[in-house]
Structures are given as C-alpha cells and as structure tokens.
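Visitor: Here it is: the structure, laid out below.
Each reported figure results from applying straightforward, stated rules to the coordinates on display, with no laboratory input. Since this is a predicted model, take the numbers as computed values, not measurements. Note that each Cβ is placed from the backbone with ideal geometry, even for glycine, and that neighbours are counted across all protein chains shown.
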2 protein chains.
Amino acid sequence: MAANSQFSMAVHVLAMLARSKDENLKSDYLASSVNTNAVVVRRLLGQLNQAKLVVSQTGANGGSRLARCPNEINLAEIYKAINCGEVFALHAKAPSQDCPIGKNIEAVLGCIQREIDKGISEKLSRYTLQNVFEMVEQGKV
Amino acid sequence: MAANSQFSMAVHVLAMLARSKDENLKSDYLASSVNTNAVVVRRLLGQLNQAKLVVSQTGANGGSRLARCPNEINLAEIYKAINCGEVFALHAKAPSQDCPIGKNIEAVLGCIQREIDKGISEKLSRYTLQNVFEMVEQGKV
DNA sequence: GCATTTGTATCAAGTAGGGTTACAGAAGGG
DNA sequence: CCCTTCTGTAACCCTACTTGATACAAATGC
C-alpha cells in the first residue's frame, strides 16, 4: 500500500519550527529529531518552501523557520504542499473501451476520488499547526 | 506517491460481476476488460473472496460471481477488503524520544490518521456497488 | 577570507507492484 | 476414468519510488 510518510515528517518538522518561533533551525538538528538524514529534511523543506509555509536561509546562521504563524497554517495546506496525491489511483493502463463497464468506469471512479479527496482536505483543514503543537506539548491525544 | 490502483481495479471487476448477475466470469475475461493479466485479477479476486464479497469456483465452467446483491455491497467494504491501508504513514524509524516533539508526535498523528480514515470509510460507504454500476451504465457522472 | 549551512545532483539499496510463466488441484463432461 | 477447463499460488523479472549517503557549488555572517 506504500502510504506516504512524508506528510508525518512534514508535520513533525513544522511542529519543531512552531516551537522555536523565530529562531532558524538547521536541517541537521531537525533530521536528528525526525531520525533521518539532513538531506531528506532539506528536500522536504524545499517543498514546504515552494508552498510558502517555511522560509529558509543559506549561509552561516542559516536554517529554516515558519513563514506564518502556526495558527495560520492548517494540515490541509501541508498535505497539499507535500503533494500526497490521491487516496487511490486509477489503473496505469486504461481499461478496454470495448467493454461497457471499462468505457465509463474511469470517469465514475475519478468523480468519487475527487469527492473523497475533498473530504480529506476538509477534515485536515480543521487542524492548525498550533493545534497539533499544543496536542503534542500537552501529551494529550 | 504510489497511490493504490488496486481499489479501482477491484471496483471495475466487481462492477463487471454485478452486470452479469449469476453467471461465472473467468479471470481471463475480466483481465481483458481491465487491461491487465489474468493472474493479477485472480490475486485481486482472492482478496475479495476472503472478504466474502465474491465466490469463486475452480474447474471447468468455473469463475467468479458476487457473493451478495450489488446493493448490499458498498465501496467502504471493498476499500477495506483491498487493505488500502492508511492515507499517510508514520515514518519508518521512530522519532527521537529525547525531543519533546518527537516523543509525542506519533500519538497525535496516529489519532488524526484514524479520524481521516474513518471519514474516508464514511464517504465510501454511501456508494453501493449498485450505485456505481448504474452510474457507469448510464454514462452519468 | 573562512566557517557554516542550504540547495541539488548523483548514486546505492531497499521495497512494492505489475506482469509473466508454470504448474498443482478442482470440477464438469464424455 | 480421462481430458479439458479453470482457479490458486509460487517463482521470477522488471520498473518505479523512497530513503539514505556523499559531494560540492553558492550564499551568508563574522
């Protein structure tokens, strides 16, 4: 099923950034908390940067920090930034167009897929990074 | 992101079975509509069989048919049968327990994950196989 | 100028999935 | 009882994706 672990890594990293407000955090430091490689974190930060969720600085005293307040960032934005894609994919090869089912199944499934994805976004958007950060801090689940 | 195409294949196959009510369909025939290999279909049917969604017969005149009426099967059951897993996964390596964020992030994310997955199931359960079959037949999306 | 840190390119390794071939075993029909 | 037809499954190859690692140019602060 190969689900996406990048989203959880992203939330983890962003929660760290939320914690140390305006201080630049280095990819090395973030990597050691996430328990992965600094390059992996930088790749992730690159995506979050493109989505304007974080700001990064090169050079000495460089690092990354949030581009916005934690309560102005919700999980749906993060999900989208990471480009988690769809819940389920259509089959790589198009089905037989000679079959009455094959001919239309893709359109129907695509429609359902969009509805599900919208539902996911809606649910995720109820959580701000601030919410998540507080839940983590309080150990409250 | 490697999303799951098995779910769409499963719905496709089940829609075919719904169409030819009590007739046994052969994996070869199903495969040609889905545009894949017969073994891939049989693997899929094996999972659907375990979930008691289809019944298969070996031997001459064998094949598969639905175990229940199409309006008694909903997409959430199919999704579960295919074991699509979770929307997003936790990172393979546990985060650093020394970090205040790392220590609790998994619990929080796991909680959110379960909520999202429940939402997906809820939305999928609104569609029966009969609904999907009719949408496909009518070319109506 | 020098130390530090990001951004990226590149490569190796592991994993999952799809596709294919092969074959045992079940079932129907002479 | 034999032959044909199917499923169920194992084994294997190939492709794609992800993670992890090394390396280095470019940016930045002192």
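Visitor: Give the share of C-alpha pairs in each 10 angstrom bin for region B:70-116, from 0 to the last occupied bin, in whole percents, shortest bins first.
Guide: Values per bin, smallest distances first: 22, 37, 22, 14, 5, 1.
Visitor: Fully extended, how many nm does the chain gain between residue A:122 and residue A:58 (0.36 nm per residue separation, minus their Cα-Cα distance)?
Guide: My answer for the length gained is 19.5 nm.
Visitor: Using R₀ = 25 Å, calculate the FRET efficiency as 1/(1 + (r/R₀)^6) where r is the Cβ-Cβ separation of residue B:130 and residue A:97; round to 0.05.
Guide: E between residue B:130 and residue A:97, to the nearest 0.05, is 0.60.
Visitor: What does the charge dipole of region B:65-132 about its Cα centre add up to, to the nearest 20 debye, if the Cβ of each Lys and Arg holds +1 and the Cβ of each Asp and Glu holds -1?
Guide: 220
Visitor: Identify, among A:70, A:29, A:130, the residue whose Cα sits farthest towards the positive end of the charge dipole of region A:25-141, taking +1 on the Cβ of Lys and Arg and -1 on the Cβ of Asp and Glu, with the dipole about the Cα centre.
Guide: Positive-end residue among those listed: A:29.
Visitor: Quickly estimate the mean residue ellipticity at 222 nm for chain A, helices only: each DSSP H run with n ≥ 4 gives -39500 (n - 2.57), and the total goes over all residues, rounded to 500.
Guide: Calculated mean residue ellipticity at 222 nm is -17000 deg cm²/dmol.
Visitor: Here is a further query. Sorted by average packing, counted as other Cβ atoms within 10 angstrom per residue and highest first, what order do B:111-121, A:18-28 take?
Guide: B:111-121, A:18-28
Visitor: Please go through the residue pairs A:80/B:118; A:52/A:93; A:80/B:123; B:93/B:123; B:26/B:123 and name each one whose alpha carbons sit more than 25 Å apart in this structure.
Guide: Check vs 25 Å cut-off fails for A:52/A:93; B:93/B:123; B:26/B:123.
Visitor: Given the options A:102, A:119, A:139, identify the residue whose Cα lies farthest towards the positive end of the charge dipole of chain A (+1 on Cβ of Lys, Arg; -1 on Cβ of Asp, Glu).
Guide: A:139
Visitor: For region B:20-94, report the convex hull volume of the alpha-carbon atoms normalised per residue, in Å³, without decimals.
Guide: Once divided by residue count, the hull of region B:20-94 is 129 Å³.
Visitor: Follow-up question, since we're still on this one. To the nearest 20 debye, what is the magnitude of the charge dipole of region A:36-97 about its Cα centre, counting +1 on the Cβ of each Lys and Arg and -1 on the Cβ of each Asp and Glu?
Guide: Roughly 160 debye for region A:36-97.
Visitor: Hey, could you get me the Stokes-Einstein D for region A:31-141, Kirkwood radius over alpha-carbon pairs, 37 °C and 0.692 mPa s, rounded to whole µm² s⁻¹?
Guide: Stokes-Einstein gives a translational diffusion coefficient of 193 µm²/s.
Visitor: Now for a different question. Show me the three semi-axes of the equivalent ellipsoid for the protein assembly as shown, from the C-alpha gyration tensor (sqrt of 5 times each eigenvalue), largest first, rounded to whole Å.
Guide: Largest first, the protein assembly as shown gives 44, 17, 17 Å.
Visitor: A follow-up question, please. How many partner chain Cβ atoms sit within 10 Å of a residue's Cβ in peptide B:109-122, on average, as a whole number?
Guide: 4
Visitor: Moving on. If you average 1/r over all unlike Cα pairs in region A:89-141 and invert the result, what Kirkwood radius do you get in angstrom?
Guide: After inverting the pairwise mean of 1/r, the radius is 14.1 Å.
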